[in-house]
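Data first, discussion second: the structure below is written as structure tokens.
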Amino acid sequence: MNRLRRIEQLAILALCLIAGNVWAAGSDYRLDKAYTKITDIESLRRGAIIFAQNCVSCHSAQYMRYSRIGEDLEWSSEELRKNMGITGSVFDTIASPLTDEAAEAAYGIVPPDLSLRAKVRGLDWMLSYLKGFYRDEQSSTGFNNAIFPDTAMSNILAALQGIQDPVYEEDHGEKVLVGLELSSPGIMSRKEFHNAMTDLVNYMDYMSEPAKLQRVQLGWKVMLFLLLLIFLTYFVKREYWKDVS
Ligand code: HEC
């Protein structure tokens, strides 16, 4: 009897969980999937350049040293300086020229350090955030964000992406954001912008754990070695047992 009741309770719990998920999926704005590849050095290079040109004016990355980027992305010292716009030493970490006081005065908040944000938020979130700005006259910056409502960050990539407007649907009398549509195109096509943001997210993933680059590359070698070892041990076993059986 007791057991039956427990099964009953479990079944109800499972149903509630499934129903909850379906409900959440129905009301949520869908996150983009970030198909990044950390071993794609060309993609990391493009992402690093976008980051240096568009983000460092406000955001720092205090755990990332320029020289390490140069080593991992296989840039010479001159290339590194030029691509990342370094004016000081290549052994510096990425620091924004924006002081905390100036940021407070301009945005009411200090833009967070981006060294680890990709790890904290996840790559899908990051990609969707960067692609999720839309026009909103109510907002102080003139833009809002589908993933991070009322973000203090302005739509700094509008020239590349173009301007997006929100698409709403009625749900039980409530306005729900279901998508964004491009109302005036930018310099890049929709696909080009998506690819550029994927490169940027890839670079931010690398930045949040530079050792991952080596870890992933080493991982393949170890797997290959183990596979070879299986073959070898199998043939040794056959050789040993040949005379016995
Ligand atoms: C003009 C200044 C400015 C520039 C340039 C800028 N940001 Fe921001 N960003 C901000 C501010 C301010 C916030 C804080 C938003 C808030 O908390 O409401 C922010 C927040 C963020 C966040 C959210 C962090 C979190 O986890 O809460 C991410 C991610 C981000 N920025 C990425 C970028 C990237 C990538 C670029 C370059 C393409 C960039 N930003 C360029 C000002 C800027």
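Worth a mention:
- Region 35-67, subset part of a loop (DSSP other than H, G, I, E, B) and small (Gly, Ala, Ser), residue surrounded by the fewest Cβ atoms within 10 Å (Cβ to Cβ): SER57
- Count of region 79-113 residues which are within 17 Å of TYR63 (Cα to Cα) and more than 10 Å from the ligand (Cβ to nearest atom): 11
- When region 116-135 is filtered for residues that are crowded, with 20+ Cβ neighbours inside 10 Å and within 14 Å of the ligand (Cβ to nearest atom), the ones remaining, listed by number, are ALA118, LEU123, MET126, LEU127, SER128, TYR129, LEU130, LYS131, GLY132, PHE133.
- Positions within region 198-221 being farther than 23 Å from SER67 by Cα and modelled with pLDDT under 95, in sequence order: GLY219, TRP220, LYS221
- Listed by first and then second residue, the pairs with beta-carbon distance under 8 Å, at least 6 apart or on different chains, first residue in region 100-128 and farther than 14 Å from ASN145 by Cβ and part of a helix (DSSP H, G or I), second β-branched (Val, Ile, Thr) and more than 10 Å from the ligand (Cβ to nearest atom), are LEU123/THR36.
The values are calculated or read from the model by the stated rules, or taken from the named source; none is laboratory data. Since the structure is predicted, the reported quantities are computational estimates derived from the model, not experimental observations. Every residue, glycine as well, gets a Cβ built from its backbone with ideal geometry; the counts of neighbours run over all protein chains shown.
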